[in-house]
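Student: Quick one: this structure, given as structure tokens, is what I'll be asking you about.
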Amino acid sequence: DVRIAGGSVPWSTNFDIYRVPVDGSGAPVNLTAANQAWDAYPVPSPDGKTLYYLAMKTPGFEADRFAIMALDLATGATREVDPKWDRSPGGLAISADGRTLYATADDEGQHPLFAIDAASGKVSQLVGNGTVNDFSLAAGKLLLARDDLKRPADLYTLDLGRARADGEGLQQVTHFNAEDLKQAKVGDFQFFDFAGWNNETVQGYVVKPVDYQPGKTYPVAFIIHGGPQGAMSNGWSYRWNPQTYAGQGFAVVTINFHGSTGYGQQFTDAISGDWGGKPLEDLKLGWKAALEKYKFLDGNRACALGASYGGYMVYWMAGVWNQPWKCLVDHDGVFDARMMYYATEELWFEEKENGGPQFEVPQNYEKFNPIDHVKDWRVPMLVVHSGDDFRIPITQGLGAFTALQRRGIPSEFLTFPDENHWVLKPHNSV
């Protein structure tokens, strides 16, 4: 899939799929020109008659639901394979007989592997608990990488003749980290549901600290995920891993607020235009629910931390909900919504989330702008911002740090000159 948008690249998400002769004998042909939104991940059927691919329907949006489409290569007719499946799958694979498609998708705190009937669109879960990162199909078996909150990825095979959602037919074939894991301690975790904004069900989870002892209370790391259309799920991370905090003696609480993925497209869409509204209400209600349910959480020793949108929310909370927190940590967050529009390389993202360009709807950018509440900041903060971040440029973090210093609030600034919107290099990560 390719995006050919010329000067409009910063405000276009119109990726298309092209057919190109492998010998270079003809010009590329755009197969998805009719759809002005994102088309991606093409997979041909074994008989060469059908091209399956994923397509969004909303132009200028990265977090719309990916529908599975089938394109008849002879007639050009398209149909949606899975119109009743309210999940957004990742890349596709297809069985040797062309009858079954395979894909992963966020699903209520997990990231399972699914089988989709190519004719009917019926969806079956093959591997449920944890996160399936990637997979490859051959000879009636799937080779997949799988991890969860307590262990990093290993490779497994899944015999499709025996596959069931309970893990039947799944065989572990690598043990890369077995020796290291024997020496490492991790905290147990538990998902919980609560009534969030508008009394709608919202999910979160807690991680107990390493060497947890019943009857004791523990300080809390309250982690706020980014995206914002993403989720904190049952998976291993080399960036924002809850076990990092559990290993230091903290309990962890995290909430998949309105806007998160894996709970249906309406739930995901709920955040657009309301960055500081419904999600903040969910965070408040989730924090309250966690304190009531888990008595080992010490609500008087809690720090809120977040990156990207999570960093935006930390800056927002610093002005409008700072009462519970002893400290705040902000990583690559949005401090000034107005300047963010003119500085980011993703104008399409800003325009979708705020209902248009800043110069047309300035009031939308000011509605939940953290910079307007600096007078109410009071909590000590660590600001982390990378030098090569073009998504949310470093001036956003520098501005927040200036605000903290000028207000006389204890604060520190940490930068990685050689990182972008993510800290990716192992030494920097440590």
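The values are calculated or read from the model by the stated rules, or taken from the named source; none is laboratory data. Worth saying up front: this structure is predicted, and the values here are computed from it rather than measured. Positions of Cβ are backbone-derived with ideal geometry, glycine not excepted, and every protein chain shown enters the neighbour counts. Side chains are part of the model used for accessible areas, which takes the heavy atoms of the whole protein and leaves out ligands, DNA and RNA. Shrake-Rupley method; radii C 1.70, N 1.55, O 1.52, S 1.80 Å.
Student: Is there a residue being closer than 20 Å to residue 120 by Cα, touching a residue at least 12 places away in the same chain (Cβ under 8 Å) and open to solvent by 40 Å² or more (accessible area, probe 1.4 Å) anywhere in the range 63-74?
Tutor: Among the residues of the range 63-74, at least one is closer than 20 Å to residue 120 by Cα, touching a residue at least 12 places away in the same chain (Cβ under 8 Å) and open to solvent by 40 Å² or more (accessible area, probe 1.4 Å), which makes the answer yes.
Student: Next up: Quick check on my filter: what residues within the range 387-412 are open to solvent by 60 Å² or more (accessible area, probe 1.4 Å), in a helix (DSSP H, G or I) and farther than 12 Å from residue 340 by Cα?
Tutor: 398, 402, 405, 406, 407
Student: Going residue by residue through the range 210-223, is there one that turns out to be of a type in the set (Gly, Ala, Ser), in a strand (DSSP E or B), touching a Phe, Trp or Tyr at 6+ places or on another chain (Cβ under 9 Å) and modelled with pLDDT of 95 or more?
Tutor: Initial filter on the range 210-223 (of a type in the set (Gly, Ala, Ser)): 215, 221.
Restricting the remaining residues to those that are in a strand (DSSP E or B) gives 221.
Filter again for touching a Phe, Trp or Tyr at 6+ places or on another chain (Cβ under 9 Å), leaving 221.
Add one more test, that the residue is modelled with pLDDT of 95 or more, and what stays is 221.
Looking for residues that are of a type in the set (Gly, Ala, Ser), in a strand (DSSP E or B), touching a Phe, Trp or Tyr at 6+ places or on another chain (Cβ under 9 Å) and modelled with pLDDT of 95 or more, one finds at least one in the range 210-223, hence yes.
Student: Among 423, 384, which is in a loop (DSSP other than H, G, I, E, B), of a type in the set (A, V, I, L, M) and in contact (Cβ under 8 Å) with a residue 24 or more places away in the chain?
Tutor: Just a single option satisfies the conditions, and that option is 423.
Student: Would you be able to tell me the number of residues in the range 267-293 that are part of a loop (DSSP other than H, G, I, E, B), of a type in the set (Gly, Ala, Ser) and buried (at least 19 other Cβ atoms within 10 Å of the Cβ)?
Tutor: Going through the range 267-293 one residue at a time, the tally reaches 2.
Student: Kindly provide the set of residues from the range 33-43 that are touching a residue at least 24 places away in the same chain (Cβ under 8 Å) and either of a type in the set (S, T, N, Q) or part of a strand (DSSP E or B) (or both), ordered by number.
Tutor: 39, 40, 41, 42, 43
Student: How many residues does the range 42-70 contain that are acidic (Asp, Glu) and closer than 26 Å to residue 228 by Cα?
Tutor: Matching residues across the range 42-70 total 2.
Student: Filter the range 355-369 for residues that are open to solvent by 30 Å² or more (accessible area, probe 1.4 Å), of a type outside the set (S, T, N, Q) and assigned to a helix (DSSP H, G or I) and give the result.
Tutor: Across the range 355-369, the qualifying residues are 362, 366.
Student: Let me ask another. Quick check on the range 34-54. Is at least one of its residues at pLDDT 95 or above, among the charged types (D, E, K, R), open to solvent by 60 Å² or more (accessible area, probe 1.4 Å) and farther than 30 Å from residue 356 by Cβ?
Tutor: Looking for residues that are at pLDDT 95 or above, among the charged types (D, E, K, R), open to solvent by 60 Å² or more (accessible area, probe 1.4 Å) and farther than 30 Å from residue 356 by Cβ, one finds at least one in the range 34-54, hence yes.
Student: Across the range 19-32, which residue is farthest from the chain's Cα centre (by Cα) among those that are open to solvent by 40 Å² or more (accessible area, probe 1.4 Å) and of a type in the set (S, T, N, Q)?
Tutor: Here the answer is 25.
Student: Spot the failing condition for residue 105; the list is (1) without any contact (Cβ under 8 Å) to a residue 60 or more places away in the chain; (2) touching a Lys or Arg at 6+ places or on another chain (Cβ under 9 Å); (3) hydrophobic (A, V, I, L, M, F, W, C), and only one is missed.
Tutor: The single condition residue 105 does not satisfy is (1).
Student: Would it be correct to say that residue 200 is out of contact with any Leu (no Cβ under 7 Å at 6 or more places or on another chain) and free of Cβ contacts under 8 Å to residues at least 12 places away in the same chain?
Tutor: In short, no.
Student: Let me ask something additional. Counting just the residues of the range 117-165 that are open to solvent by less than 40 Å² (accessible area, probe 1.4 Å) and assigned to a loop (DSSP other than H, G, I, E, B), which one comes out farthest from residue 208 (Cα to Cα)?
Tutor: 118
Student: How many of the residues in the range 233-266 are touching a strand residue (DSSP E or B) at 6+ places or on another chain (Cβ under 9 Å), assigned to a helix (DSSP H, G or I) and either open to solvent by 10 Å² or more (accessible area, probe 1.4 Å) or farther than 26 Å from residue 323 by Cα (or both)?
Tutor: So the answer is 3.
Student: Specify the residue that is farthest from the chain's Cα centre (by Cα); the eligible residues are those in the range 3-18 that are more than 17 Å from residue 63 (Cβ to Cβ) and either in a loop (DSSP other than H, G, I, E, B) or at pLDDT 95 or above (or both).
Tutor: Top of the filtered list is 18.
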